[in-house]
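Everything below concerns the one structure shown next.
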Amino acid sequence: MVLALALAAACARGPGEVPLEVPRGYMQRLQVEHDGRHYGFGPFVGYYFRPPDPRDPEHLQFLCFNEDGFYASDMPRNALLFKGDAVLAELPLAKVVLGGVSGDRIRPLFEPDLPQAWRATRPDPADAYRHFHSCYDANGPARVGYWLRHVAEGTFTYDMGARVSAGSPLYHRVRSGPDLGFAGSVEFDRGPGRSP
């Protein structure tokens with residue numbers, strides 16, 4: 001009976017899907033304190049974070065899964081795509097609107113439109129920390145957030161689950177190791193459940 005249930009569960013996942021297995025201690029959403037202010041960080045699809053030292057929110061480890069096939073159309077759903085680390089930073093003031101005018105929760109900005117002062121906040125090795133994701137508070141997106149360094153677990157096409165194609169700043173072929181082709185970007189996050 002147990003074997004039949006296990007087989008039925010495996011068949012229900014269908015081909016091209018693996019179970020989502022998030023190790024203990026990884027979370028999708030964190031509370032971060034920086035300079036006496038409290039911020040939220042996450043959740044976003046497929047990303048799970050863990051501070052190596054719970055008393056030090058400035059450094060995180062993360063795992064990025066192809067949750068529900070969200071990032072790569074040529075990888076199994078829920079497969080582990082990246083491991084990485086994240087470093088807390090505060091972007092300097094710039095003449096850029098943090099929140100977007102659309103109804104989207106997250107507003108991305110891509111190179112070369114990123115202010116040089118923002119790029120200068122990347123930790124070393126700067127060419128590997130390609131992506132900044134903001135924290136948020138009651139007012140919406142903040143200039144405080146994390147620079148992420150993605151280290152690929154295999155070779156695949158990062159195509160947002162076939163939602164983007166060649167020519168998009170997000171589209172690229174990924175090879176094992178540090179993903180230096182990851183889009184140079186800053187994403188301002190209003191926070192979950194917030195309207196514009």
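Observations, loosely collected:
- For segment 33-85, a tally of residues being basic (Lys, Arg), in contact (Cβ under 8 Å) with a residue 40 or more places away in the chain and over 16 Å from TYR158 (Cα atoms) returns 1.
- Within segment 158-180, the set of residues being of a type outside the set (Ser, Thr, Tyr), part of a loop (DSSP other than H, G, I, E, B) and without any contact (Cβ under 8 Å) to a residue 40 or more places away in the chain comprises ARG163, VAL164, GLY167, LEU170, ARG175.
- Filtered by the rule that a residue be surrounded by fewer than 22 Cβ atoms within 10 Å (Cβ to Cβ), assigned to a strand (DSSP E or B) and out of contact with any helix residue (DSSP H, G or I) (no Cβ under 6 Å at 6 or more places or on another chain), segment 63-83 gives LEU63, LEU80, LYS83.
- Residue in segment 38-60 that is within 17 Å of GLY191 (Cβ to Cβ), over 12 Å from the mean Cα position of the chain (by Cα), modelled with pLDDT of 95 or more and exposed (fewer than 14 other Cβ atoms within 10 Å of the Cβ) present: yes
- Of all residues making up segment 118-149, the number that are in contact with a helix residue (DSSP H, G or I) (Cβ under 8 Å, 6 or more places away or on another chain) and surrounded by fewer than 17 Cβ atoms within 10 Å (Cβ to Cβ): 1
- Lone qualifier among TYR146, TYR136, TYR129 - being touching a residue at least 24 places away in the same chain (Cβ under 8 Å), touching a His at 6+ places or on another chain (Cβ under 7 Å) and closer than 30 Å to ASP35 by Cβ: TYR146
- Checked against (1) under 18 Å from the mean Cα position of the chain (by Cα); (2) surrounded by 15 or more Cβ atoms within 10 Å (Cβ to Cβ), PRO115 passes all but condition (1).
- Segment 125-136: number of residues that are within 18 Å of PRO92 (Cβ to Cβ) and either over 16 Å from the mean Cα position of the chain (by Cα) or outside any strand (DSSP E or B) (or both): 1
- Test: GLY100 is at pLDDT below 95, in contact with a Lys or Arg (Cβ under 9 Å, 6 or more places away or on another chain) and either among the aromatic types (Phe, Trp, Tyr) or not in a strand (DSSP E or B) (or both): yes
- For the residues PRO76, PRO52, PRO19, the requirement of being out of contact with any strand residue (DSSP E or B) (no Cβ under 9 Å at 6 or more places or on another chain) and under 27 Å from ARG175 (Cβ atoms) singles out PRO19.
- Test result for TYR171, at pLDDT 95 or above, surrounded by 19 or more Cβ atoms within 10 Å (Cβ to Cβ) and of a type in the set (Phe, Trp, Tyr): no
The values are calculated or read from the model by the stated rules, or taken from the named source; none is laboratory data. Computed from a predicted model, the values in this text were never measured in an experiment. A quick note on method: Cβ atoms are made from the backbone with ideal geometry, for glycine too, and the neighbour counts reach across all protein chains shown.
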